[in-house]
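Just below is one structure, and these are the notes that go with it.
Read-outs: derived from the displayed coordinates by stated rules, not from any lab. Since the structure is predicted, the reported quantities are computational estimates derived from the model, not experimental observations. Here the Cβ is made from the backbone with ideal geometry for all residues, glycine too, and neighbour counts use every protein chain on show.
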Amino acid sequence: MTRADDSLYAAMLQRGMSRRTFIKFCTAMTAALALPATYASRVAAAVSAAPRIPVIWLRGQGCGGDSAAFLGASNPTAAEVLLDLLSVEYHEMIMAPAGAAAVRSRTDVQARYPNGYIAVVEGAIPTADGGIHCMVDGRPFRDVVRDVSGGALATIAIGTCAFDGGSPAAAGGATGAVGVASIVSSGSLLAMPGCPVNSANLTAAIVHYLTFKQWPATDSRHRPYFAYGGLIHNQCERRAHFEFGEFVLAWGDEAAQKGWCLYKMGCKGPETNANCPTVRYADGTSWPVKAGHGCVGCTMPGFWDAMSPFYRRLPPPLPFAPTVSADQVGQALVGGVAGLTVVHGAASYVRQRRVGAQERRDARVAAADGALPRQDPPGGDPDSVQPPVPADPTEPAELTETDEPSSSDREDVVAIEGPDPAVPVDTAVPVDISVPLDTAVPVDTAVPVDRADSPDLEAH
Amino acid sequence: MTRTVIDPVTRVGGHLRVEVEIANGVVRDAWSSGTMFRGMELILGGRDPRDAWLLAQRICGVCTGVHALASVRAVENALGVAIPTNARLVRNLLAGAGYVQAHVVGFYHRHAFDWVDPMAALRADPAATSTLALSMSEWPQSSPAYFKGVIDRLTTVVQSGQLGPFANGYWGHPAYRLTPEANLLVVAHYLEALDWQRGIIRIQTLLGGKSPHPQTYLVGGMALAPPWGGPNRGLPGEHPQQVERGSPPALSARGLTDIGTAIADARTFVEQVYLPDILMIAGHYREWAGVGAGLGSYLSYGEFPGDDSTKPALFLSRGRVMGRDLARVQPVDQAGIAESVAHSWYAYDDGGDALRHPANGQTNPSYTAPTQPSATLEGSDRYSWLKAPRYQDEPMEVGPLARMAVAYVEGQKDVRAAIDGAAASLGVGREAFFSTLGRTMARAIEAQVVARQLDGWLEALVANLATGDLALADLTRWDPGTWPGEARGWALGESPRGALGHWVAIRDQRIDTYQLVDATTWNGSPRDAQGRRGALEEALVGTPLADAARPLEVLRTVHSFDPCPACAVHAYVPGAGGPVQIQVI
Ligand code: SF4
């Protein structure tokens, strides 16, 4: 049992934070986790009773952007996270000691909290030439990650570089950069891609653990469904314009001023799994599509190669399909190479095939041009438009709610009847809905599959 | 002589190792080593030049956006694109907000613990701290109850036994000089600065869509658009404007007002908290105005174009101050920049040690350090992933101090007033700025100068939009079909940490070669073929050190540069050759 002094809530009250602000934080977390709003009180109870979890934050081949996102977080702010929620004992960008004293901070935590600390990994891990492209304290970063991750309660790979190698692993890279999953095999692993990660999702994952004593449900690449279970395109505020064939055709044109859809400017929202449109950045201030630039697909495997050139538009997107999982989209990206097992090799495959992917995509765009909603006249012809399917995949089953359980009956909180609330019920099972996953497209040809019977469902 | 190794050097952006040789309590020699290599320029090769900025900005997520800006400028320079007034002003706002954030965070979260002992703050008297705070500025968070709350909060953390980032600091080190009250004051502001950042991040998120890594740049301008203000013609299928959801479009009246409010808040914090804290700390550490002088040669490429001409007037000027001579500024020509790899983990094809201009650079990684784990780099002739840039063969220091020195000599009014004011209040001469303390003061002064200018750019943007000029991008070169078969371009500008140059060669609508020389490549540079140290190495020589096992004083000088080796390590693909015209801005 933790002393009350250690609790987040007590600490927040102590610094003059109102209960209202605390509840606002819990509500924001509940929303990020796609839990019903009634869960806020449960989150609050669990979080306010939690001890501070020690964290070892490792940085490899990265730009520091995930750290910057974390330090610039709001709701909760970095000050709250640092002092009240977590105990960040090792983080090279902020820790006071350096050199040997810094290394001691790391080994102290490993010794004091075996299997009791969270390992956060930011940045890719170079594996070529014995790992000499990233050295910490004279040791290859790869060895440090294995060492720290091996004794952790869980390892969280944050940002796209730690997810699958990110930019150092893109075509042209020569350091053998890989993501955490490639070198860490044991224990809980959570991957939170994004360039950089949305700090709200990182905190939400930890809050999920505090609330339910288990990590959020993930797909086969360790991405939590709550953040990566849905397509950007399906949550986008410009979506209605897409349906009505209202597209921006040149930067800054009348359509851009009206906030129309950026699909024809290369937006990758239709093939990208993330919750940017709903959670947004900086406490709901904005996200790239809202600001005016297309999505570049930064959460997706191998996106630097698979999604580029960034201004060339995608083939027509999947129809409104709330149940598309990140795994399925990953498949679509590599051109329908048969079988789920291929997904794991997809990133490196995509890297090698960057040029091929562009050609294939161009051919698909050309072949399917006629299938798009019409642009002219603005507004399109309603007859040519598919009716949007109103569907919200994230509505979980009705759950019985008890108001603010005390910490002593947190056991009961875990034993919820019904499905795991963090798993949007119909994303849990990847089913073939509209993507012809088993269409064996010869991947190194530029020939699009002939799908003239249903051009909207052009093979991905 | 004893050799002390600091690896990892913490509170920097990236991976840095510093080794120093100490005799009689003074640093006699120093080596700065970048220990991480990504090869971003190799990865840039072959891509669409319009995509380059997205990848280039991933070089650094700490001074976010600076490489995006340098990259679009280099490509625009190659293609001959002139951006519209609105785009220039938005870019100035995004970059300028980044300077203010980088400097405040760079001090409080990466540098302050070199001067401030948070454990000593626990002994502070809240009432006396309040008196001290009120004597320094009008900042409202200054009551005894407020400081009591900070002590309680710190005490909670300390008693929990989980000190987080404070664990294993060099607390109680004899080189700490502040009173308990002064320590407490800065610790309180350390926490406030974490929250304060959010205002800046809101500016960046409104104008850039997110932060870090804003995503609204375009080759030709910005992807922002002002909200539709034309007649509502009620076309079929017309939909209402995007739902604001409590967050307006950046260039709407409300969005611009929000940005103005955030700018005012940012500026207030700099003027009432950051700068007073720096002057207070400087007063306790005056002797550090005599430590860490370093090379004495300062380089600034200049930043913040003030007009739309091809050679715009710059808010912070371009130039060099050589030999600490504040009498004159010398010119900067990009042709004078070249790099040595004599002591870096690269080899040139010809095996020689001659300097190479970025447009002719080469990168053949060639790692030769001791096998791992390596206790020291002693005996390694090559010791860093950073190259050694030189200007006309000379090592140079870059950064806020360099910019302030150049702007001072050029007679920039705000800079002159701030520097002379700070020197007078400390009772020191201008030459005191050529030091570890001076670097730290120059950073704060620049934060103030830029924070004051943000409003000017915002007003100019509002005024220009009001004239009906809604253009944010020049699209005449958007279509690759309009490009020449070959083009080369470059951009010299500044990032918060100092001079930043990008060079690009485009061939058949793809990036042929890409090269950049970053601020920390200059400051963290290893030795060159003639054995001359880089700026950081030189500044470390002569640093007093009370306890080699707790090298606090070394960290002071290291952090006075706010180094970011993540940015500094790069690579270059040799081009396909052939004489190509270099276009000049
Ligand atoms: S294509 Fe992009 S802008 Fe258009 S609706 Fe989809 S996600 Fe939104």
Exercise. Per residue of A:137-149, how many C-beta atoms from partner chains lie within 10 Å of its own C-beta, taken as a mean?
Worked result: 3
For this session: Please give the average number of partner chain Cβ atoms lying within 10 Å of the Cβ of each residue in B:389-400, rounded to a whole number.
Result: 0
For this session: Report, ordered by chain and residue number, the lysines lying within cross-link reach of B:K413, taken as a straight Cα distance under 26 Å and ignoring same-chain residues fewer than 8 apart.
Result: B:K311
For this session: Take each of the peptides A:37-46, A:195-204, B:309-318, B:108-117, average the number of other beta-carbon atoms within 10 Å over its residues, and list them starting from the highest.
Result: A:195-204, B:108-117, A:37-46, B:309-318
Seminar exercise, completed: Shape call for chain B, from the Cα gyration tensor axes a ≥ b ≥ c (a/c under 1.5 means rounded, otherwise prolate when a/b beats b/c, else oblate), comes out oblate
Exercise. Does segment B:453-545 classify as rounded, prolate or oblate by the C-alpha gyration tensor (a ≥ b ≥ c root eigenvalues; a/c under 1.5 gives rounded; else a/b over b/c gives prolate, otherwise oblate)?
Worked result: oblate
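For chain B, which longest stretch is free of loop sites, where a loop site is one of the GluC sites (Glu not before Pro) that DSSP puts outside H, G, I, E and B and that has at most 14 other Cβ atoms within 10 Å? Don't skip to the end; give the middle numbers.
Details: sites that count: B:E138, B:E238, B:E244, B:E378.
Longest site-free region, per DSSP loop and neighbour criteria: B:379-585.
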Exercise. To the nearest whole number, what is the average tally of beta carbon atoms from other chains within 10 Å of the beta carbons of peptide A:250-262?
Worked result: 6
For this session: Quick one: grab the alpha carbon gyration tensor of segment B:96-146, order the square roots of its eigenvalues as a ≥ b ≥ c, and give me rounded if a/c is under 1.5, else prolate or oblate depending on whether a/b is larger than b/c.
Result: oblate
Exercise. Which helices of chain B meet both criteria: a Cα extent of 18 Å or more along the helical axis and a mean Kyte-Doolittle score no lower than -0.5, with helices taken as whole DSSP H segments?
Worked result: B:66-79, B:85-108, B:144-159, B:180-208, B:253-269, B:413-426, B:436-466
For this session: Subtract the Cα-Cα distance of B:N360 and B:D381 from 0.36 nm times their separation in residues, and report this length gain in nm to one decimal.
Result: 5.2 nm
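So what is Rg over Rh here for segment A:192-264, counting just Cα atoms and using Kirkwood for Rh? Display every interim value, and only then the final one.
Numbers: Rg = 17.0 Å, Rh = 14.6 Å.
Checking Rg against Rh, the ratio lands at 1.17.
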